[in-house]
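The values are calculated or read from the model by the stated rules, or taken from the named source; none is laboratory data. What you are looking at is a predicted structure, and each value in this text was computed from that prediction instead of being measured. FYI the Cβ positions are ideal-geometry reconstructions off the backbone, even for glycines, and counts take in every protein chain you see. For accessibility, only protein heavy atoms count, side chains too; no ligands or nucleic acids. Shrake-Rupley method; radii C 1.70, N 1.55, O 1.52, S 1.80 Å.
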Amino acid sequence: MGHFVNVEDLSSNQVMHLIDRAIAYKKGEVKHVTGHVVNMFYENSTRTKHSFEMAQYRLGMHIINFEVQTSSVQKGESLYDSLLTMKALGVDTAVIRPFDDNYYEPLMNLGINIVNAGSGCGSHPSQSLLDMMTIYEEFGNFESLTVAIIGDLVHSRVAHSNMQLLKALGARVLLVGPKWYFNERMLQWGEYVDIETAIEISDVVMMLRVQLERHDDVMLMSAEGYHESYGLSLERQKRMKPHAIIMHPAPVNRNVEIADALVECSQSRIVRQMENGVYMRMAILESVMEG
Ligand code: CP
């Protein structure tokens, strides 16, 4: 692979290979992957940053955690120049979460593997793959599934990556949310439907965080109003298919997009998504390092 920057670059065979490798790691396979990796998180993260770190520890990689707050970024150093420095120091792979959507284009020829850890509103390929792993573990295929992606579609890099990948893998994708969180460009990957229909016919109900930090004033809704209109409430959960699962990339706004009591309920796979993140990121790093 070399770089891992978006899901559009992946064939279905490559996705299935990564899922197989992640499941093998989850079952206990031990492997040593040689390499020096730097983690560069310009935007905050709990799950992605620390599950990449855990994956790197388990693979026996040498890790540098680049500290944006104490580095020369504070003196104006660009991402390109920071990465040029890392290359000179002997780093071969960089896991990067910047603020911008398409940051990686100018970095591709630096001779360092780029792993996208979630960029702006654009894409979050490692989250998307761990979501595919979680769905595959549950159902064993994608072609027979209807997956609803519900909420702040337009600001969610997870939604963008997941609607593309799910469509490519053969799932039926339903898109749900207020019209100001929706973009007609998304119709190439899914159907825009109302929440009550989506809840009743879906095998996977994937809730999205309302990304207040990316909103302008016109998009803001009260937490109470949003939950009633578009949240996964206890009443809506009762109308889900009995075998259907609930997913959310987290962090979660409890009682906004999902009722507090549903985060860890028996149909929820939210904690499993976090757990699977370590194994999928091991598979991704292995593929990147081994080309
Ligand atoms: N799901 C996800 O990307 O979470 P973090 O922002 O905490 O990494």
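Note on MET240: accessible area approximately 10 square angstrom, rounded to 10, probe 1.4 Å, nucleic acids and ligands left out.
Projection of the Cα convex hull of region 176-216, averaged over all directions and equal to a quarter of that hull's surface, yields 3.5 nm². Kindly report, to the nearest 10 Å², the accessible surface of VAL30 as traced by a 1.4 Å probe over protein heavy atoms only. Using a 1.4 Å probe on the heavy atoms, I get roughly 130 Å².
Distance from the alpha carbon centroid of region 29-105 to that of region 158-174 works out to 28 angstrom. A cut-off under 15 angstrom between Cβ atoms defines the neighbours of LEU79, and their net charge, with Lys, Arg +1 and Asp, Glu -1, is -4.
Rg/Rh, computed from the Cα trace of region 136-291 with Rh as the Kirkwood radius, has the value 0.96.
Applying the Karplus relation 6.51 cos²θ - 1.76 cosθ + 1.60 with θ = phi - 60° to region 233-240 yields 3J(HN,Hα) values of 8, 4, 5, 5, 4, 5, 8, 6 Hz, where x marks Gly and Pro. A Förster radius of 30 Å, combined with the Cβ-Cβ distance separating GLU138 from ASP9, puts the computed FRET efficiency at roughly 0.70. When Rg and the Kirkwood radius Rh are both evaluated on Cα atoms of region 2-142, their ratio Rg/Rh stands at 0.97. Positive-end ranking of ALA22, VAL210, ILE112 along the dipole of the chain, with charges on Cβ about the Cα centre, is headed by ALA22. The alpha carbon centroids of region 222-291 and region 192-211 are separated by 12 Å.
For region 260-265, 3J(HN,Hα) computed residue by residue from phi via the Karplus equation (6.51, -1.76, 1.60; θ = phi - 60°) reads 3, 5, 8, 4, 10, 6 Hz, glycine and proline entered as x. For VAL210, the residues 5 or more places off, or on other chains, whose built amide H falls under 5 Å of its own are ASN253, GLU257.
Return the Rg/Rh ratio of the chain with Cα-based radii and a Kirkwood Rh.
On the way: Rg = 18.9 Å, Rh = 19.5 Å.
We get a ratio of 0.97 for the chain.
With all protein chains present, how much of the accessible area of region 25-81 (probe radius 1.4 Å) comes from carbon and sulfur, to the nearest whole percent? Provide the component values of the computation, followed by the final result.
Working: 1670 of 3290 Å².
The C+S portion of the solvent-accessible surface of region 25-81 is 51 percent.
When all protein chains stay in place and ligands, DNA and RNA are ignored, the 1.4 Å accessible-area order of LEU83, LEU89, LEU187, largest first, is LEU89, LEU187, LEU83. Mind telling me which of VAL33, VAL204, VAL173 comes out most flexible in a GNM of the chain, alpha-carbon contacts under 10 Å? In this elastic network of the chain, the residue with the biggest mean-square fluctuation among VAL33, VAL204, VAL173 is VAL33. In a Gaussian network model over the chain where Cα atoms closer than 10 Å are linked, find which of ASP260, ASP152, ASP131 has the largest mean-square fluctuation. Maximum among the listed residues: ASP260. Relative to the dominant Cα principal axis of the chain, helix 79-89 is inclined by about 50°.
For region 15-62, state the semi-axes of the equivalent ellipsoid (square roots of 5 times the eigenvalues of the alpha-carbon gyration tensor), sorted largest first and rounded to whole angstrom. The partial results should precede the final answer.
Values: eigenvalues 89, 42, 18 Å².
The equivalent ellipsoid of region 15-62 has semi-axes of 21, 14, 10 Å.
A 1.4 Å probe run over the protein chains yields, for the chain, 42 Å² of accessible area per residue, whole-number rounding. Taking every Cα-Cα distance in region 62-195 and sorting them into 5 Å bins starting at zero, the pair-distance distribution P(r) comes out as 2, 9, 17, 17, 15, 12, 10, 9, 7, 2, 0 percent.
Both the radius of gyration and Dmax for region 226-288 are 14.2, 44 Å, in that order, over alpha-carbon atoms.
GNM remark for the chain: springs join alpha carbons under 10 Å apart, and the peak mean-square fluctuation among SER51, SER119, SER72 falls on SER72.
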